[in-house]
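The values are calculated or read from the model by the stated rules, or taken from the named source; none is laboratory data. Values in this document were obtained by computation on a predicted structure and should not be read as measured data. Glycine gets a Cβ as well: all are built from the backbone with ideal geometry, and neighbour counts include every protein chain shown.
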Amino acid sequence: MSKVLMKGNEAIAESAIRAGCRYFFGYPITPQNEIPEYLSRAMPEVGGVFLQAESEIAAINMVFGAAVTGARVMTSSSSPGISLKQEGISYIAGARLPCVVVNIMRAGPGLGGILPGQADYFQATRGGGNGDYRHIVYAPSTVQEAADLMYEAFDKAEKYRVPVMLLGDGMLGQMMEPVEFKDHISPDFPEKEWALNGTGNRREPRKIYSLDVNPVTLEEHNRLLASVYEEITREEVRQEYFDLEQAEVVAVAYGTTARIVREAIGICRSEGLRVGMIRPVTLWPYPEAAFELIGKSCKGILCVEMSLGQMIDDVKIAVKGRQPVFFHGRTGGMVPEADDIANEIRRIAGACGRSE
Amino acid sequence: MAKGKVVVDIEICKGCELCTDVCPVKILVMEKNLLNQSGYLPVKVVDMDKCIACGNCAVVCPDSAISVYKLDGQE
Amino acid sequence: MKTVYERSKGLQSNPMHYCPGCSHGTIHKLIAEALVELDVLGDTIGVAPVGCAVFAYNYFNCDITEAAHGRPPAVATGIKRVFPGKIVFTYQGDGDLAAIGTSEIIHAAHRGEKITTIFVNNATYGMTGGQLAPTTLVNQVATTAPGGRDESSYGKPIKMCELLATIDGARFIERVAVDTPTNIRKAKKAIINAFKCQINRIGFSMVEVLSSCPTNLKLSPVDSLKWLQKNMIPYYPLGNFRKPAEVMG
């Protein structure tokens, strides 16, 4: 399998097709338009369906409709459009339907800006829709990783009957990198006995719903969801980390920001500092266990995000007060710079106990 | 000689009275004393011999509580 | 002995939760009978609304899904695009179709989605206790319009059949009422024709059914149908607004 040079958005779209997705419903929004545009050509070629909906709300509800039939279906959008989809995602989660939602984040809040951001972390991991639900959140750092994670996204969505979100940002969506589309064989999934496909006059009618006015059974349903989420938390955490045991400073970042952090770490190491890193690949479930591996010499954790600080909450939860947690972030579409991050690392390494 | 037969499932009937309004021979009347298990006063047929099997009562019943049959003269 | 009328096989045997005399029960019957007579029940997937009919999935004898308020046409689009050969219908009330869901219904019609929508117009928001609906008549009292619908604030009631009939993809549009046995039988014919429009893959079809909500009108079922005749039918004229023969010239 050879490598091709592709835009992140296009690689995500191509990967979806190879993962067996045959239904796409979406709406244009910068900076992810290449995804619907690519699929408008590619879906019909594989006998799939591409439909540009009248809004992001309509699109997520079309996803709900295709999902009730058991089909592999996805939508994509960017931050403000993902806000519109929150109702639909909550319904999909409540009804236990599989689907994939791609968010190519941009700066916010409100209409915000069209340049990259990471300020939808809360929305993605805390659930922007109503109710107790979760969805797996994958945060690729490279175009290759985005392509690889799309396969996982569809498989896990089907395995656990949950929505799965692939969280990228405008940089990832727009950059071109070499990508190799690996051969992937999905696991064998059991027949979907919940899927709606017509009784054929041979079986009892089925229903799909998230409403239950009986609090006893609705609580049972919520506990069932909780048990699924617990299983996901045990089985599906993904992360990358290095040099945690001896580190003086550990940096934590995800997505494209992690690549800039890595460069900053390189600068600091060349000066003799011992710096480690944790790069969450699943933002939910969060790789809390990795933080237990941080050694006694660590003077502080530096969380770097393209936001005012959202993942930092999960960092603090994982750190459990063992080390002080510091933050460096840019927002509004500004991208963090390696030199600034390196300065922060030096400051933490040099001055112990500095408050945030 | 009855032309038709009306069967009411009194447990399904909600006592809405719509059927009484549409019976052309006025043989449907609401019970005054017999509550069903849901607490409704269901409808009853008072003079089955007059039934012409038009089916209006059944058509109008929102709950499919009424079945109507046409008799073939031997019954 | 010949059967003149029996409970349709298109309905499950569960007792319905609707109020005594509510038109929902009547309309459910007509859809169920249509699906059985057209022999498509086993290939049908329905989309239930938010409203009193949210529990429709307990009554129709076919696969049904819930949908978020107003979204059934989009959900139905998703299903129909996966299964173009199956029969997909939405069942929606005033709020679902004419308020929050106007974008979804207009665009489903605009795309000519081959789905069938049954629109239950009872001029109120029944399930939530009788609030103002886009279809509530001028001066008709509602819990959020205690002095009656104020035209200067809310405009005149919306006529969905007339609106959708301007859209090319909307190939069968008809308004009926379920106030008398005659009209109920006509309503059933319209519903059958609407489903035929889908079965023959012609385009989007909708039947608007003028109905009554006795509970929120605070009238007996018999009187609420008389209210419908006196007040709704003059404003919402019955009849066909679009049918395939016309479109095909």
For the subset of the range A:172-210 comprising residues that are within 14 Å of another protein chain (Cβ to nearest Cβ) and touching a Lys or Arg at 6+ places or on another chain (Cβ under 7 Å), which member is nearest to C:Ala32 (Cα to Cα)? A:Gly198
Can you tell me which residue is farthest from the chain's Cα centre (by Cα) among those in the range C:123-167 that are crowded, with 22+ Cβ neighbours inside 10 Å and hydroxyl-bearing (Ser, Thr, Tyr)? C:Thr136
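Output yes when any residue across the range A:30-45 is among the small types (Gly, Ala, Ser) and assigned to a helix (DSSP H, G or I), and no when none is. Full working, then the answer.
Initial filter on the range A:30-45 (among the small types (Gly, Ala, Ser)): A:40, A:42.
Subsequent filtering for residues that are assigned to a helix (DSSP H, G or I) retains A:40, A:42.
Yes, the range A:30-45 contains a residue that is among the small types (Gly, Ala, Ser) and assigned to a helix (DSSP H, G or I).
For C:Ala245, are the conditions met, namely being of a type in the set (A, V, I, L, M, F, W, C), within 20 Å of C:Tyr91 (Cβ to Cβ) and away from chain B (no Cβ under 14 Å)? Lay out the reasoning, then the answer.
Details: of a type in the set (A, V, I, L, M, F, W, C): yes; within 20 Å of C:Tyr91 (Cβ to Cβ): no; away from chain B (no Cβ under 14 Å): yes.
Criteria not met by C:Ala245.
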Just give me the residues in the range C:9-23 being within 7 Å of chain B (Cβ to nearest Cβ) and over 25 Å from C:Asp223 (Cβ atoms), in sequence order. C:Leu11
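Test A:Ala289 against the criterion of being loosely packed, with under 15 Cβ neighbours inside 10 Å, closer than 19 Å to A:Arg238 by Cα and not polar (S, T, N, Q), and give yes or no.
Criteria met by A:Ala289.
How about the range C:172-185: which of its residues are over 13 Å from C:Thr26 (Cβ atoms) and either modelled with pLDDT under 95 or assigned to a helix (DSSP H, G or I) (or both)? First the steps, then the outcome.
So in the range C:172-185, the residues over 13 Å from C:Thr26 (Cβ atoms) come out as C:172-175, C:182.
C:Thr182 - this is the single residue of the range C:172-185 that is over 13 Å from C:Thr26 (Cβ atoms) and either modelled with pLDDT under 95 or assigned to a helix (DSSP H, G or I) (or both).
Could you go through the range A:218-235 and let me know if any residue there is closer than 19 Å to A:Cys298 by Cα and either under 26 Å from the mean Cα position of the chain (by Cα) or touching a residue at least 24 places away in the same chain (Cβ under 8 Å) (or both).
Step one: of the range A:218-235, the residues closer than 19 Å to A:Cys298 by Cα are none.
Within the range A:218-235, none of the residues are closer than 19 Å to A:Cys298 by Cα and either under 26 Å from the mean Cα position of the chain (by Cα) or touching a residue at least 24 places away in the same chain (Cβ under 8 Å) (or both).
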Conditions (1) of a type outside the set (Gly, Ala, Ser); (2) facing another protein chain (nearest Cβ under 9 Å); (3) free of Cβ contacts under 8 Å to residues at least 40 places away in the same chain; (4) surrounded by fewer than 19 Cβ atoms within 10 Å (Cβ to Cβ) -> B:Lys44 fails only (2)
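Matching residues to (1) free of Cβ contacts under 8 Å to residues at least 24 places away in the same chain; (2) within 11 Å of chain C (Cβ to nearest Cβ); (3) surrounded by fewer than 16 Cβ atoms within 10 Å (Cβ to Cβ); (4) outside any loop (DSSP other than H, G, I, E, B):
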residue: B:Glu11; (1), (2), (3), (4): no, yes, yes, no
residue: B:Cys16; (1), (2), (3), (4): no, yes, no, no
residue: B:Cys19; (1), (2), (3), (4): no, yes, no, yes
residue: B:Ala53; (1), (2), (3), (4): no, yes, no, no
residue: B:Asp63; (1), (2), (3), (4): no, yes, no, no
residue: B:Val68; (1), (2), (3), (4): no, yes, no, yes
residue: B:Asp72; (1), (2), (3), (4): yes, yes, yes, no
All conditions in (1) crowded, with 19+ Cβ neighbours inside 10 Å; (2) part of a strand (DSSP E or B) are true of B:Lys5 except (1)
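Quick check on my filter: what residues within the range A:60-77 are at the interface with chain C (Cβ under 7 Å from one of its Cβ atoms) and among the charged types (D, E, K, R)?
Of the range A:60-77, the ones at the interface with chain C (Cβ under 7 Å from one of its Cβ atoms) are A:61-66, A:68-69, A:71.
Scanning the range A:60-77 gives no hits.
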Identify, by number, the condition in (1) surrounded by fewer than 16 Cβ atoms within 10 Å (Cβ to Cβ); (2) in contact (Cβ under 8 Å) with a residue 40 or more places away in the chain; (3) touching a helix residue (DSSP H, G or I) at 6+ places or on another chain (Cβ under 9 Å); (4) not acidic (Asp, Glu) that A:Ser2 doesn't meet. (3)
How many residues of the range C:209-226 are within 22 Å of C:Ala145 (Cβ to Cβ) and surrounded by 18 or more Cβ atoms within 10 Å (Cβ to Cβ)? The answer is 9
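Which fully enclosed strands (runs of 3 or more DSSP E) of the range C:43-115 have 1 or more residues being within 7 Å of chain A (Cβ to nearest Cβ) and within 17 Å of the chain's Cα centre (by Cα)? If you could, list the steps in order and put the result at the bottom.
Numbers: elements: C:44-47, C:63-65, C:87-92.
Result: C:44-47, C:63-65.
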Assess whether B:Ala53 counts as being out of contact with any helix residue (DSSP H, G or I) (no Cβ under 9 Å at 6 or more places or on another chain) and either under 25 Å from C:Glu33 (Cβ atoms) or small (Gly, Ala, Ser) (or both). yes
Among the residues of the range A:282-330, write down those that are over 19 Å from the mean Cα position of the chain (by Cα), assigned to a loop (DSSP other than H, G, I, E, B) and not hydrophobic (A, V, I, L, M, F, W, C). A:Glu292, A:Gly295, A:Lys296, A:Ser297, A:Lys299, A:Lys320, A:Gly321, A:Arg322, A:Gln323, A:Pro324, A:Arg330
Among the residues of the range C:24-42, what is the count of those that are without any contact (Cβ under 8 Å) to a residue 12 or more places away in the chain and within 8 Å of another protein chain (Cβ to nearest Cβ)? 1
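For the range A:24-81, name all the residues that are out of contact with any helix residue (DSSP H, G or I) (no Cβ under 9 Å at 6 or more places or on another chain) and without any contact (Cβ under 8 Å) to a residue 12 or more places away in the chain. Quick ask: steps written out before the conclusion?
Applying the first criterion (out of contact with any helix residue (DSSP H, G or I) (no Cβ under 9 Å at 6 or more places or on another chain)) to the range A:24-81 yields A:40-41, A:44, A:47.
Scanning the range A:24-81 gives A:Arg41, A:Pro44.
This table checks each residue for (1) under 17 Å from A:Ile345 (Cβ atoms); (2) in a helix (DSSP H, G or I); (3) aromatic (Phe, Trp, Tyr).
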site: A:Gly200; (1), (2), (3): no, no, no
site: A:Ser210; (1), (2), (3): no, no, no
site: A:Leu218; (1), (2), (3): no, yes, no
site: A:Leu224; (1), (2), (3): no, yes, no
site: A:Val250; (1), (2), (3): yes, no, no
site: A:Ala264; (1), (2), (3): yes, yes, no
site: A:Leu273; (1), (2), (3): yes, no, no
site: A:Met277; (1), (2), (3): yes, no, no
Checking A:Ala42 against (1) under 19 Å from C:Ala68 (Cα atoms); (2) more than 10 Å from every other protein chain (Cβ to nearest Cβ); (3) among the hydrophobic types (A, V, I, L, M, F, W, C), which single condition isn't satisfied? (1)
Could you please tell me which pairs satisfy a Cβ distance under 7 Å, a separation of 6+ or placement on different chains, a first residue in the range C:158-171 that is in a helix (DSSP H, G or I), and a second residue that is among the charged types (D, E, K, R)? C:Met160/C:Glu208; C:Cys161/C:Arg175; C:Cys161/C:Glu208
